[in-house]
Amino acid sequence: MSIDDTSTLSSSNKPREQDHEHENALISNLVDRYKDKLTTFPIEKGCVFGSLYMYQGFWYLSQHKLSIETLFALHETFIARPNDVYVATLPKSGTTWLKAIVFSTVNRSRYKYNCLATHPLRVSNPHKCCPFIETEFYESAPTYNDTHSPRIFGTHTPYTSLPRSIIDSGCRIIYMCRNPKDVLVSLFHFSDKVREQSGDLMKINDAFELFSKGVMPYGPYWDHVKEYNSASLERPTKVLFLTYENMKKDTANGVKRIAEFLGYPFTDEEVDQGSIEEIVKLCSFESLKEVDQKGNYHGVPNGSYFREGKVGDWTNHLTNEMCMILDQITKEKFNGLDILC
Ligand code: PAP
């Protein structure tokens, strides 16, 4: 299958039966390989797909594609290339949006805007355009990374636990963080969507309790954000630190910064032709949500990745007490750091 065949890609948004079987076989194999190692790790009830295990200070799912087992396997096998680009986030911090922006910015001369209808982001979820390092591991079908350079990957893995070659080969990493209260609310709704079929819905109080203890996939929230923030201060040409809130405030400026950081600055001619605005529009919440209606991504129900897409929706879901507690934790953990706007 050619990765540029958009008709095939469009249908590949829906996972095929044989893909599931292939993935399940690989997951079982890894679970079996690392099961003894896991017995020594702290374990907690998770809020999305089952239990979480603590490794190197962070919580991971198990028996899943984005899991502790996959991380171990990546540590053994993953080889980064110096020109790779990594989009790093905590879940629900704007991963899908950032992937879309990076993909369309880097590939803007490959996919011309006069062919917008066939642009990969008009037929596929951004997760399909920029696979997670963890899911790439399971892919049986080709991805854009097989034919495009630079390769663009997503990852939720904390900075210190990234496969060593990502740091050593000097790859560029773009990190986006989001206000913890919006992350909690977004995660809560996402987990409800995923749990809907089983009827095992979670209460916001329970989600809050877990989140404030740091228990979420790849959490604690504060430690994850702090690690990437400090890496961006130590290695500013290699790690760019962005916030969801600033991106919302001025998306065009964010796109410009990303392009410059990655070494793909917009020319004056491109700016005059409205190239930046085209990318902002192509990656807008409305545009990505419309494409998402056409199929689901890896079995997650339609619409799960595109709910409100706003700053401050926490005001509609969290009690005053919850907000005060989260604000206090954030103040203590981010003490003296210029992280959230
Ligand atoms: P993931 O980590 O599971 O991939 P991620 O994309 O990080 O999820 O987060 C989803 C959030 O980003 C959703 O937030 P909400 O629940 O508060 O609505 C989603 O709406 C938001 N989002 C997705 N695409 C965009 C976009 N283009 N612009 C702004 N927000 C977006």
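General observations
- Calculated FRET efficiency, S51 to E245, Cβ-Cβ distance, R0 = 45 Å: about 0.90 to the nearest 0.05.
- Surface/4 estimate of mean projected area, convex hull on alpha-carbon atoms of region 3-333, nm²: 16.4
- Counting all C-alpha pairs of region 215-304, share separated by more than 15 Å (%): 73
- 5 Å binning of all Cα-Cα separations within region 144-270, expressed as whole percents from 0 upward: 2, 9, 15, 18, 17, 15, 12, 7, 4, 1, 0
- A simple charge model with +1 on the Cβ of Lys and Arg, -1 on the Cβ of Asp and Glu and nothing else charged puts the dipole of the chain at about 160 debye relative to its Cα centre.
- Most mobile of T155, T143, T40 in a GNM of the chain (Cα contacts under 10 Å): T40
- Here the gap between I79 and V31, fully extended at 0.36 nm per residue and compared with their Cα-Cα distance, gives a gain of 15.1 nm.
- When the trypsin sites (Lys or Arg not before Pro) in region 209-287 are filtered for DSSP coil states and for at most 16 other beta-carbon atoms within 10 Å of their beta-carbon, the remaining sites are K213, K238.
- Shape of region 192-341 from the C-alpha gyration tensor: oblate (a/c of 1.5 or more and a/b not above b/c, with a ≥ b ≥ c the square roots of its eigenvalues).
- Sparse-neighbour loop sites [GluC sites (Glu not before Pro); region 306-341; at most 16 other C-beta within 10 Å; DSSP]: E308
- The chain, helix-only ellipticity at 222 nm - DSSP H runs n ≥ 4, -39,500 (n - 2.57), divided by all residues, nearest 500: -13500 deg cm²/dmol
- For the residues L38, L187, L66, a GNM of the chain with alpha-carbon springs under 10 Å puts the largest fluctuation on L38.
- Projected label points at L116 and T40, each 7 Å from Cα along the beta carbon direction, are separated by 5.6 nanometres.
- Residue of P120, P131, P142 that the Gaussian network model of the chain assigns the largest fluctuation, springs spanning Cα pairs under 10 Å: P142
- Three semi-axes of the equivalent ellipsoid, region 138-180, Cα gyration tensor, whole Å, largest first: 22, 15, 12
- Each of S232, N205, C171 was placed along the dipole of region 165-288 (beta-carbon charges, centred on the mean Cα), and the one lying farthest toward the positive end is N205.
- Residues with amide H under 5 Å from that of S51, placed H, sequence gap 5 or more: G46
- Order of exposure, largest accessible area first, which applies to Y244, Y159 with probe 1.4 Å: Y159, Y244
- Projecting the Cα positions of W314, F132, T330 onto the charge dipole of region 3-333 (unit charges on Cβ atoms of Lys, Arg, Asp and Glu, taken about the Cα centre) puts T330 furthest along the positive direction.
- Segment F334-N24, extension gain: residue separation times 0.36 nm, minus the distance between their alpha carbons: 107.6 nm
- Computed from label points 7 Å out along Cα-Cβ, the spacing between R164 and E139 is 2.6 nm.
- When the residues F137, F208 are ordered by accessible surface, computed with a 1.4 Å probe over the protein chains alone, the sequence from largest down reads F137, F208.
- Kirkwood Rh in Å, taken over all unlike Cα pairs in region 17-84: 13.1
- For C177, the residues whose amide H sits under 5 Å from its own are L242, T243, Y244, ignoring neighbours fewer than 5 places away on the same chain, with H placed 1.01 Å from N.
The values are calculated or read from the model by the stated rules, or taken from the named source; none is laboratory data. Here the structure is a predicted model, which is why all the values come from computation and not from measurement. Neighbour counts run over all protein chains shown; Cβ positions are idealised from the backbone, glycine included. For the accessible areas, the whole protein counts, side chains as well, though only heavy atoms, and no ligand, DNA or RNA atoms are used. Shrake-Rupley method; radii C 1.70, N 1.55, O 1.52, S 1.80 Å.
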